[in-house]
1. Filter region 22-53 down to residues that are small (Gly, Ala, Ser) and more than 26 Å from Thr12 (Cβ to Cβ) and give me whichever is modelled with the highest pLDDT.
2. Could you please find all residues in region 18-31 being of a type outside the set (Ser, Thr, Tyr) and buried (at least 17 other Cβ atoms within 10 Å of the Cβ)?
3. Against the condition over 18 Å from Gly8 (Cβ atoms), acidic (Asp, Glu) and modelled with pLDDT under 95, how does Glu64 come out, does it pass?
4. Has region 32-54 got any residue that is in contact with an Asp or Glu (Cβ under 7 Å, 6 or more places away or on another chain) and either surrounded by 13 or more Cβ atoms within 10 Å (Cβ to Cβ) or on the phi > 0 side of the Ramachandran plot (or both)?
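The values are calculated or read from the model by the stated rules, or taken from the named source; none is laboratory data. Since the structure is predicted, the reported quantities are computational estimates derived from the model, not experimental observations. Every residue, glycine as well, gets a Cβ built from its backbone with ideal geometry; the counts of neighbours run over all protein chains shown.
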Amino acid sequence: MKRFWEPGISRTILLVFGVFTFVVASYRTLATGGMEGLYDNYWLYMIAFGCVIWMRYQRQRQKEVDLRAEDARKAETSKAARKPGKAAGKPKKRK
């Protein structure tokens with residue numbers, strides 16, 4: 001059975017919500033005018049900024065998970081490719 005909530009959909013929702021709140025805050029700031037409009041809609045800008053930061057954090061965590069999985073896969077592949085007669089011990093000293 002296919003999962004409804006794929007891992008990438010949360011980042012998409014965060015991006016859409018962040019862009020939406022930024023557009024609404026910008027419109028309300030321009031409609032009100034002046035610095036007073038900016039002060040009144042500061043909280044909307046912070047929500048948009050928070051969504052973008054959270055999305056970037058999730059993307060970085062996913063990259064770390066992918067790198068760990070790739071390293072584990074490479075280690076398993078190199079372990080399987082090793083000759084069965086040789087042990088992975090200390091290297092021999094040169095004369």
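1. Result: Ala31.
2. Initial filter on region 18-31 (of a type outside the set (Ser, Thr, Tyr)): 18-20, 22-25, 28, 30-31.
Of everything in region 18-31, those that are of a type outside the set (Ser, Thr, Tyr) and buried (at least 17 other Cβ atoms within 10 Å of the Cβ) turn out to be Gly18, Phe22, Ala25.
3. No: the conditions fail for Glu64.
4. We begin by selecting, within region 32-54, every residue in contact with an Asp or Glu (Cβ under 7 Å, 6 or more places away or on another chain); these are 32.
Among the residues that remain, those that are also either surrounded by 13 or more Cβ atoms within 10 Å (Cβ to Cβ) or on the phi > 0 side of the Ramachandran plot (or both) are: 32.
Yes, region 32-54 has at least one match.
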